[in-house]
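The values are calculated or read from the model by the stated rules, or taken from the named source; none is laboratory data. Given the structure is predicted, the values throughout are model-derived calculations rather than measurements. Ideal geometry is used to build each Cβ from the backbone, glycine not excepted, and the neighbour counts take in all protein chains shown. Quick note on the areas: whole protein, heavy atoms, side chains included, nothing else; ligands and nucleic acids left out. Shrake-Rupley method; radii C 1.70, N 1.55, O 1.52, S 1.80 Å.
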Amino acid sequence: MLPPRHFSSRRTLAFWFVGFSLLALAVCARLADARNVFTGEHVELVATDSHYYVRFAHLQQAAFPRFAPFDPYINAPVGASIIWPPLHTGLVALFLRLAPEAPERAAAWVDPVLSLCGLVLLSLLVRRWRGEAVALGVLALLALVPAAVEAGALGNADHHVHEPFLAALCALLLGQALKTRGVMLGAVTGAVLGLAPLLTTSGFVLLPGLAASLPVAAWLQRERVGAGVGRVGLALGVGTAGVLALGVVLFGEPRSLAYHGLTAFAPLLALGLWCGASGLALLLERHRGGWLSLGLAVPCVVPLLPELSRAWQHLRRGDPLLALVMESTPLWKDPEFAGQLLGPVLVLLPVGLVAVSARAWKERDASAAPLVLGALSLGAAALLQARFSQPLMGCAALCVAVGWEGLLRGAAPRVRSVSAVALGLAGLPLLAGALPHPRQPDASPIGRVRSTMEWMREHTPEPSPPWDASVRPGWSVIAPYDMGHLLVLWAERPAVATPFSQVPVHQEANARASAVLGATSEEEAYVLARASSARYLLLTPMDGVLGRPEVKLSDTLAFWLREHAGLATGAWAASARFRLVHDSVESRRQHPELPHARVFEVVPGAELRGRCSPGALVTASLELETGRGATLRYEPRATAGAEGGFSLRVAYPTVRDTRESDVLARGAYRVQCEGGGGTAQVSERAVREGQAVDVGA
């Protein structure tokens, strides 16, 4: 006789059907922009941190099994240690290893795959501890809300993909540890929290809200006997600080206290916060050890006060780059942007917070404290900078799902039905994000500079082996900061300014580049460029000069070179120090006759010498032909001295046998002046070494 067959309940079948449907929508939402990411010959990654992750992962492959954060091509000529998380970098390197012949194509899949894996694992864990309804609610929100979708979208290889899942996972684990008073589960939660900064630079922002939940949980359950919340908190502190300390020793700088990297700051902050929170919890539980725990927190936190103050200034956008980029926009100042990122969560979260808080108060449910305080702390951070909306989504999804599940469970059947329909209607607009995006011919904001970068890689001499981080480059490129990651990947040339910020070496390098681009005289810009060992300037569209809002863009060197190619115009004489070597194939949208990007070489300039009448005006004329077929008339001027001698510096050679420039002279210099003049042939060497050339009759 055959044994009886066991069938899953209808409820379980319904869970798996809805769950797989939501996962399918999550896949569609993350791959919706495939037509604009895979454009045929090229892959358009999300600008521009994903591009640097491709280079950073390559550098780690070369250094394996060591982790080598130093990159001499960033903030040249000094170089910089990159603070990006080592574990995520390793994951990107693994994807690149799977497709070494197409690294950017491989990198495009990093975040979608990680995002979907996180969705599955988190949903299963929420189902185990919070039930099927809550699991489906969390899955629906993280699958479709734009802030979560963008973190894991196709074409993205950035570390922010981990933040929603880490925030939700840590709040869930801590809630369960507080509910069961599980010291071992508390240590596991601490280990996960310790891994967070190794996966994302924003990992430490999870600590304050979760630490604040300990005394709240202890107060809610102050009458309960048995292992206390304080002991769970101490286990958390040991787990977090232990994993972080190991990570700092293996990958970071143990002797530094800088908040922005893997330094001693991270384990000390974790230990201080958890000791302080555990101490308060122990005191609420009437344990004398609370004073000792509080006392241990003080020496951990006091040395960190200067860095905490600096972190607070950066949170308030006290950095030139943070003040500009969209991800640093304060959501409280831009409700429309907040709506685009968070959608219905803006309405559902306040109700969910109230419902979870009321339930925690009524049932003395300590597991709700991490959800509420995690969402509140991350919500406050997101109000100050939009970048924190991604970790906020993790705690927000849990709060909304738990709160609304409790409300609907206790409501009348008709109210539940109406509410379910209303929630479904509120989420309908999110489904549009799962539809394939139309192909946009000019969707990428950076695609128009790719050919210029490739030209630089093929036509400029190598300053050093580009993938050998042990060799310092001989020269660098100054460009707008948003070109920095593209220069080191596409052009394989060292950049002075980059999108990196907050760290002093990044701020100083960006300031050096801004001083050159924002200079109001050519000689000033030349001296500053030489001080940064800059051999080339790459000029692309700019809205202003980074860190120098008082400077009018139209008065700057960058504007003059890009708009007028360094030719004589207005207050600017023809350039003697910056030689145009390339105009991009791509044209400007509004002015198709002009190139989108221009490359200039920084040169001492050859010195034309000759004689004219004393005090005569001297003009040297040279016709130039660009790679686009345009003709430029280069006419530097000087005035003869009291004895008739003149010296005139010029930036262009007259030879045509060079591959390092596609802006070429059509003949010799024709020097005109009263009482003299003649012609002059100028070599490449004379221009690059500042040699003197006599003007012949």
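Numerical summary
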quantity: Matching residues in the stretch 239-250 - criterion: being β-branched (Val, Ile, Thr) and surrounded by fewer than 18 Cβ atoms within 10 Å (Cβ to Cβ); calculated: Val249
quantity: Helices (runs of 4 or more DSSP H) wholly inside the stretch 73-150 that include at least 1 residues being small (Gly, Ala, Ser) and closer than 30 Å to Ala495 by Cα; calculated: 86-98, 103-107
quantity: Tabulated pairs, the stretch 638-666, first farther than 17 Å from Gly676 by Cα, second basic (Lys, Arg) and surrounded by 14 or more Cβ atoms within 10 Å (Cβ to Cβ), C-beta under 7 angstrom, 6+ apart or interchain; calculated: Ala651/Arg577; Ala651/Arg579; Tyr652/Arg579
quantity: Residue count for the stretch 251-278, restricted to those that are touching a Gly at 6+ places or on another chain (Cβ under 7 Å), open to solvent by 20 Å² or more (accessible area, probe 1.4 Å) and part of a helix (DSSP H, G or I); calculated: 1
quantity: Pairs with Cβ under 6 Å, 6+ apart, first in the stretch 385-398 and closer than 17 Å to Thr201 by Cβ and open to solvent by less than 10 Å² (accessible area, probe 1.4 Å), second among the charged types (D, E, K, R) and in a helix (DSSP H, G or I); calculated: Ala386/Glu327; Pro391/Glu163
quantity: Criterion violated by Val650 - all others in (1) within 51 Å of the chain's Cα centre (by Cα); (2) loosely packed, with under 15 Cβ neighbours inside 10 Å satisfied; calculated: (2)
quantity: Residues satisfying the stated conditions in the stretch 72-88, i.e. open to solvent by 10 Å² or more (accessible area, probe 1.4 Å), of a type in the set (A, V, I, L, M) and more than 16 Å from the chain's Cα centre (by Cα); calculated: Val78, Leu87
quantity: Qualifying position, being in contact with a helix residue (DSSP H, G or I) (Cβ under 6 Å, 6 or more places away or on another chain), surrounded by fewer than 18 Cβ atoms within 10 Å (Cβ to Cβ) and not in a helix (DSSP H, G or I), among Thr520, Thr498; calculated: Thr520
quantity: Given (1) open to solvent by 10 Å² or more (accessible area, probe 1.4 Å); (2) over 12 Å from Tyr73 (Cβ atoms); (3) part of a helix (DSSP H, G or I), number of the condition Met456 does not satisfy; calculated: (1)
quantity: Residue match in the stretch 31-54 (condition: under 17 Å from the mean Cα position of the chain (by Cα), closer than 18 Å to Asp158 by Cα, among the small types (Gly, Ala, Ser) and at pLDDT 95 or above); calculated: yes
quantity: Test set (1) assigned to a strand (DSSP E or B); (2) basic (Lys, Arg); (3) within 25 Å of Thr452 (Cα to Cα) - Arg670 fails condition number; calculated: (3)
quantity: Extreme residue, farthest from Leu648 (Cα to Cα), among residues of the stretch 569-581 that are open to solvent by 10 Å² or more (accessible area, probe 1.4 Å) and in contact with a helix residue (DSSP H, G or I) (Cβ under 8 Å, 6 or more places away or on another chain); calculated: Thr569
quantity: Search result, residues across the stretch 586-600 that are hydrophobic (A, V, I, L, M, F, W, C) and under 28 Å from the mean Cα position of the chain (by Cα); calculated: Ala597, Val599, Phe600
quantity: Filter result for Ser389 (part of a helix (DSSP H, G or I), hydroxyl-bearing (Ser, Thr, Tyr) and modelled with pLDDT of 90 or more); calculated: yes
quantity: So Val372, is it under 16 Å from Trp404 (Cα atoms), of a type in the set (Val, Ile, Thr), over 26 Å from the mean Cα position of the chain (by Cα) and surrounded by fewer than 21 Cβ atoms within 10 Å (Cβ to Cβ); calculated: no
quantity: Residue, nearest to Pro164 (Cα to Cα), within the stretch 91-115, restricted to residues that are surrounded by fewer than 16 Cβ atoms within 10 Å (Cβ to Cβ) and not β-branched (Val, Ile, Thr); calculated: Leu94
quantity: Any strands (runs of 3 or more DSSP E) falling wholly within the stretch 569-640 and containing at least 2 residues that are over 24 Å from Thr540 (Cβ atoms); calculated: 606-611, 617-625, 637-639
quantity: Residue selected from the stretch 523-541 under the condition of a type in the set (Ser, Thr, Tyr) and not in a loop (DSSP other than H, G, I, E, B), by the criterion surrounded by the most Cβ atoms within 10 Å (Cβ to Cβ); calculated: Tyr536
quantity: Number of positions in the stretch 327-361 that are within 28 Å of His314 (Cβ to Cβ) and open to solvent by less than 20 Å² (accessible area, probe 1.4 Å); calculated: 7
quantity: Residue within the stretch 623-635 that is closer than 14 Å to Ala573 by Cα, β-branched (Val, Ile, Thr) and either free of Cβ contacts under 8 Å to residues at least 12 places away in the same chain or touching a strand residue (DSSP E or B) at 6+ places or on another chain (Cβ under 6 Å) (or both) present; calculated: no
quantity: Qualifying positions in the stretch 451-489 - touching a Phe, Trp or Tyr at 6+ places or on another chain (Cβ under 6 Å) and not aliphatic (A, V, I, L, M); calculated: Pro463, His485
quantity: Residues of the stretch 471-501 classified as more than 30 Å from Gly40 (Cβ to Cβ) and either free of Cβ contacts under 8 Å to residues at least 24 places away in the same chain or among the hydrophobic types (A, V, I, L, M, F, W, C) (or both), total; calculated: 6
quantity: Members of the stretch 546-568 that are without any contact (Cβ under 8 Å) to a residue 12 or more places away in the chain and either part of a loop (DSSP other than H, G, I, E, B) or open to solvent by less than 20 Å² (accessible area, probe 1.4 Å) (or both); calculated: Pro549, Glu550, Lys552
